[in-house]
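Have a look at the structure below, then the notes.
The values are calculated or read from the model by the stated rules, or taken from the named source; none is laboratory data. Keep in mind it's a predicted model, so treat the numbers as computed, not measured. Don't worry about glycine lacking a Cβ; one is built from the backbone with ideal geometry, like all the others, and counts go over all protein chains shown.
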Amino acid sequence: MNGVYDGLTVVELADRRNQWAGKLLADGGARVIQIEPPAGGPGRWCGPFVDDTVDPDRCLDYWWYNTGKQSVALDVGRPPAQDLLRRLLAGADVFLESTPPGTLRAYGLDHGSVSSNRALIYTSLTDFGQDGPWRDYRMNDAAHLALGGHMASTGYSDPTLTPIGGQGHQAWHMGCVFALHGITLALFDRMTTGEGQYIDVSIHDACSIGTESAVPEWLYNGATLYRQTGMHASARRRADLELPTADGMYVIAVNQTFGDRGWAKLIEWMEEKGVAGELTDPKYRDEAVRMADYRQGTAVLDGIRRLIAACKGEEVFTRAQSYGISWGLVRAPEENYDVAHYQQRDFWRDVEHPEIGRAIRYPRGPFMCDALGIAPRGRAPHLGEHTRLVLEGDLGLPAAQVDALAAAGVVR
Amino acid sequence: MNASVTLPKGILNGVRILDFTWKTVGPWAPRLLTHFGAEIIHVERVGSWDDHRYAAHPSPIVGGPQKEFTSEQGTGPLHGGGHADGKKPYYNTPYFTILHHGKLAISLNTRHPKGLALAERLIGISDAVVENFSGEVFPSWGLTWERIHEINPRVVYLSTSGFGHTGPYKAYRSFGPTAAAQSGLSLASGLPGMPPAGWGFSYMDVMGGWMGGLALVMGLLQARKTGEGSYIDYAVTEGAMSLLGTYMLDFQVNGRTTRRPGFPPGNRALWPAVAPHNTYRCSGKDRVGQDWWVFVACETQAQFESLCRVMGQPDLSTDPRFATNEARVANQDALDAIVGRWIRPRRRYDVMRRCQEAGIIAAVVQSAEDRVEHDPQLKHRDMHPVVNHPEIGEFEYEGYPVKLSRTPAFVHGRGPLLREHNRYVYGELLGLSDEEMKSLENDKVI
């Protein structure tokens, strides 16, 4: 399989913040060498684990974020390992790191120390970037969703309940997408100039531009938004549109318009379920009337609520969509495995896992495009699986020297 | 109308993108490239416009050609109202500028044969074509991938849609909340035992748009390397599922589903389970009466011991209920109550500062107002640059978060006015004469 990042060598200093960017590089064909501590990077210890048994080679979160990478275990805190890393960077195209600002300067591994490789694209993805008054503050993913504004917009209509941050490392994802945006632009530029550069990405900066209308509403309308259960925060309280189905699921019944055809079908459907009520009144055939009621009144919403309560979730979704109504069903992530649509789009890709004696179906990744080739190309590495390959094969160290470094605990 | 256009010097000078995007998720992809000097031609329907020219949402004018727009339909500049004569539209709100600054704007009726011919000529001189219509729209104009590729084999075609261009859902309609719901993102957000909290904005229009931007630069890089264009069929729901891989694998390997008691865990931590890790109510309320909150977490024993000292309760760290992380997780309700009592009467930024000074993870749940007006870090990083708009004046907007040392991003002044660049694009780029353009205007093609 060809990939957009074919032929590149990426060195990634293991960190939970940056590993998705490294994964997309590896999925796109780059050789990604992950440098992790001899005890294993933090991504190996978070869980969930296979059979819930703690094992750094069987962490499923690590498996997902590190497909196709190589693992070299080095204690970067010690000078011999620092020297090895410097030598690796001399031949690398991209360096991806997320250490607290200043750390790598102390190791002689900051951009200035390794920029004799003029082609190197040195990328620091950190909580706050390389400067500023909060630079050294401690953060994690949920803390970023708090500070970046996502929580302020997310939660429940009940004003006594807490704001909520979504699960799944979303702040780190937002940082990674921009880090990789910068890297890819720098690669584009390097094709004509031959020159690499330094890229500084702050997760807080990335998150802070990711709250859609919240900032424009404040900047241009002076509005503070109300949190609302399962739907957009808004300057005005709105009726609940996250509605329960007959089989205990929820439908996000947000729709921007009801055209004549869709409306006629909707009423027919309500009549079939015996819940149309007053909506059979001919006045609702006028789009302006029904849309005004949908936005400000109760009749249309009550009818929709009754209809959804009378149907199973799957029926609501597929019938509404077939009428051009953009309602969404709140599915569990894993329920998508059974959806024919994604199967037909070849979204699930088998990755062999000898650890458990079978292949596992991974999500392909965001883009369907053979030319980019972004898809998992193999399982995540075991801890230190490629230490010898890289030190002996790439750096030309004699096996005896690697043995000695291993005995001294510098490598594993 | 500008007869010529000069873009600032940037990495992407010489790259031309034909941009048929609208709403939110589509425009982000080309917008991210404006920061580097790409020439982006935003195409709007003749006699109509991108509805973000007037409003974020809901739009009062969706789908209506040639509707008279007056300031009564909105209040304040976000809604395009407030013009002195109350009638003449701005065609160019700040929100439109956020999504389209630095682009060129033309009008074109692609359903007219002459309009389609112009679109095809523009594809012939572009490096990428970008759209976020439902799957049937481009083919209904005759613009299938095969046709686009035939016109210009070097062109990158990025289509952003809810479900993609193939498969049983290809005609289904979607916007941010649909994609978040269908993928599982919404379910993975909320308090246990409560309805899903989802995301209180269209996360998948924003993050989904950024992923589209990533696809676009990937496509341009690949085309520069190989000389061949590509067709990127980007389904936002698939993008969203790609943010949930851990849950997919947990199901595949351990058979664990996310519909289970205790999931989602609110703001508590699951992988790994650490405590404390939660939001806590502070003193004070926001402008609409919602309480203020701060998030606090301890991921190490040292952080917890520091927190006990900061709270003035050092003995807590030797209390058997809280002495180890395992014990703290098991007794999380009691621990949250203790931390919550300490924080409740305190000011949110004081809690954050005192915790952070002691090395503890702490973050105010910041509103947009907090971030724009008070966040010293965003100010230092210039994340709300001021742009000058000829009709509205100066205003702040949301910047670009990648700092490249040698080829820095730059900010343009404003979004383009309606059909501001017709003369440049049709006259200079395509070489049409004034008479030809006049005739096309009379035929309502441009």
Q) In region B:254-265, which residue that is closer than 23 Å to B:Asn325 by Cα and either at the interface with chain A (Cβ under 7 Å from one of its Cβ atoms) or under 29 Å from the mean Cα position of the chain (by Cα) (or both) is surrounded by the most Cβ atoms within 10 Å (Cβ to Cβ)? A) B:Pro264
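To keep it simple, each residue is scored yes or no on (1) of a type in the set (A, V, I, L, M, F, W, C); (2) touching a Ser or Thr at 6+ places or on another chain (Cβ under 8 Å).
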residue: B:Arg371; (1), (2): no, yes
residue: B:His374; (1), (2): no, no
residue: B:Thr407; (1), (2): no, no
residue: B:His421; (1), (2): no, no
residue: B:Tyr424; (1), (2): no, yes
residue: B:Leu430; (1), (2): yes, no
residue: B:Asp434; (1), (2): no, no
residue: B:Ser439; (1), (2): no, no
residue: B:Lys444; (1), (2): no, no
Q) Can you spot a residue in region B:219-232 that is within 7 Å of chain A (Cβ to nearest Cβ), basic (Lys, Arg) and within 19 Å of the chain's Cα centre (by Cα)? A) no
Q: Looking only at region B:379-393, decide whether some residue is away from chain A (no Cβ under 14 Å), buried (at least 16 other Cβ atoms within 10 Å of the Cβ) and not charged (D, E, K, R).
A: no
(Q) Anything in region A:129-152 that is more than 7 Å from every other protein chain (Cβ to nearest Cβ), under 12 Å from A:Pro163 (Cβ atoms) and over 19 Å from the mean Cα position of the chain (by Cα)? List them, or say none. (A) none
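At pLDDT below 90 and within 22 Å of B:Gly10 (Cβ to Cβ), is that true of B:Leu78? Even if it seems obvious, please write down each step before you answer.
Numbers: at pLDDT below 90: yes; within 22 Å of B:Gly10 (Cβ to Cβ): no.
For B:Leu78, the condition - at pLDDT below 90 and within 22 Å of B:Gly10 (Cβ to Cβ) - is not met.
Which count do you get for residues in region B:296-331 that are within 22 Å of A:Thr162 (Cα to Cα) and of a type outside the set (S, T, N, Q)?
Result for region B:296-331: 9.
Quick grid of which residues meet (1) farther than 22 Å from A:Ala152 by Cα; (2) in contact (Cβ under 8 Å) with a residue 12 or more places away in the chain:
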| site | (1), (2) |
| --- | --- |
| A:Ile183 | yes, yes |
| A:Thr192 | yes, no |
| A:Ala235 | no, yes |
| A:Ile252 | no, yes |
Q. Taking region A:308-332 on its own, how many of its residues are more than 11 Å from A:Ala253 (Cα to Cα), more than 7 Å from every other protein chain (Cβ to nearest Cβ) and at pLDDT 95 or above?
A. 9
Q. In region A:363-389, what residues are of a type in the set (A, V, I, L, M) and in a strand (DSSP E or B)?
A. A:Met368
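Look at A:Leu301 and say whether it is closer than 30 Å to A:Gly165 by Cβ and part of a helix (DSSP H, G or I).
Working: closer than 30 Å to A:Gly165 by Cβ: yes; part of a helix (DSSP H, G or I): yes.
Judged against the criteria, A:Leu301 is a match.
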Q.
Anything in region B:268-319 that is assigned to a strand (DSSP E or B), under 17 Å from B:Ser367 (Cβ atoms) and without any contact (Cβ under 8 Å) to a residue 60 or more places away in the chain? List them, or say none.
A. B:Lys285, B:Asp291
Q) Residues of region B:420-446 being among the charged types (D, E, K, R) and over 18 Å from B:Ile98 (Cα atoms), which ones? A) B:Arg423, B:Glu428, B:Asp434, B:Glu435, B:Glu436, B:Lys438, B:Glu441, B:Asp443, B:Lys444
Q. Checking B:Pro276 against (1) out of contact with any Pro (no Cβ under 8 Å at 6 or more places or on another chain); (2) within 7 Å of chain A (Cβ to nearest Cβ), which single condition isn't satisfied?
A. (2)
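Those residues that are of a type in the set (Gly, Ala, Ser) and closer than 24 Å to A:Phe317 by Cβ, I need them from region A:259-292; list them, please.
First, the residues of region A:259-292 that are of a type in the set (Gly, Ala, Ser): A:259, A:262, A:264, A:274, A:276-277, A:288, A:292.
Result: A:Gly259, A:Gly262, A:Ala264, A:Gly274, A:Ala276, A:Gly277.
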**Q.** Evaluation of B:Arg268 against (1) facing chain A (nearest Cβ under 7 Å); (2) touching a His at 6+ places or on another chain (Cβ under 7 Å) (one fails), failing number
**A.** (1)
**Q.** Test result for A:Asp61, under 20 Å from the mean Cα position of the chain (by Cα) and crowded, with 20+ Cβ neighbours inside 10 Å
**A.** yes
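Grab the strands (runs of 3 or more DSSP E) fully contained in region A:54-148, keeping just those with 3 or more residues being closer than 30 Å to A:His353 by Cβ.
Numbers: elements: A:70-73, A:94-97, A:121-126.
Here the list reads A:70-73, A:94-97.
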(Q) Which pairs turn up if I take residues in region B:160-183 that are more than 7 Å from every other protein chain (Cβ to nearest Cβ) and over 20 Å from B:Ala197 (Cβ atoms) and look for partners that are polar (S, T, N, Q) and in a loop (DSSP other than H, G, I, E, B) with beta carbon separation below 7 Å, at least 6 apart in sequence or on another chain? (A) B:Thr160/B:Asn132; B:Ser161/B:Asn132; B:Ser161/B:Ser134; B:Gly162/B:Ser174; B:Ala171/B:Ser134
Q) Among the residues of region A:184-224 satisfying the criterion of being of a type in the set (S, T, N, Q) and part of a helix (DSSP H, G or I), which is farthest from B:Gly212 (Cα to Cα)? A) A:Asn221
Q: Could you look through region A:198-210, keep only residues that are out of contact with any Asp or Glu (no Cβ under 8 Å at 6 or more places or on another chain) and either among the acidic types (Asp, Glu) or within 8 Å of chain B (Cβ to nearest Cβ) (or both), and pick out the one that is surrounded by the fewest Cβ atoms within 10 Å (Cβ to Cβ)?
A: A:Tyr198
Q. Can you find even one residue in region A:347-356 that is within 12 Å of chain B (Cβ to nearest Cβ), exposed (fewer than 15 other Cβ atoms within 10 Å of the Cβ) and at positive phi?
A. no
Q. How many residues does region B:279-325 hold that are more than 30 Å from B:Gly245 (Cα to Cα), hydroxyl-bearing (Ser, Thr, Tyr) and within 11 Å of another protein chain (Cβ to nearest Cβ)?
A. 1
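At pLDDT below 95 and touching a strand residue (DSSP E or B) at 6+ places or on another chain (Cβ under 9 Å): which single residue out of A:Tyr122, A:Tyr220, A:Tyr198 fits that description? Break it down stepwise before answering.
Working: A:Tyr122 fails: at pLDDT below 95; A:Tyr198 fails: at pLDDT below 95.
A:Tyr220 is the lone residue from the list that is at pLDDT below 95 and touching a strand residue (DSSP E or B) at 6+ places or on another chain (Cβ under 9 Å).
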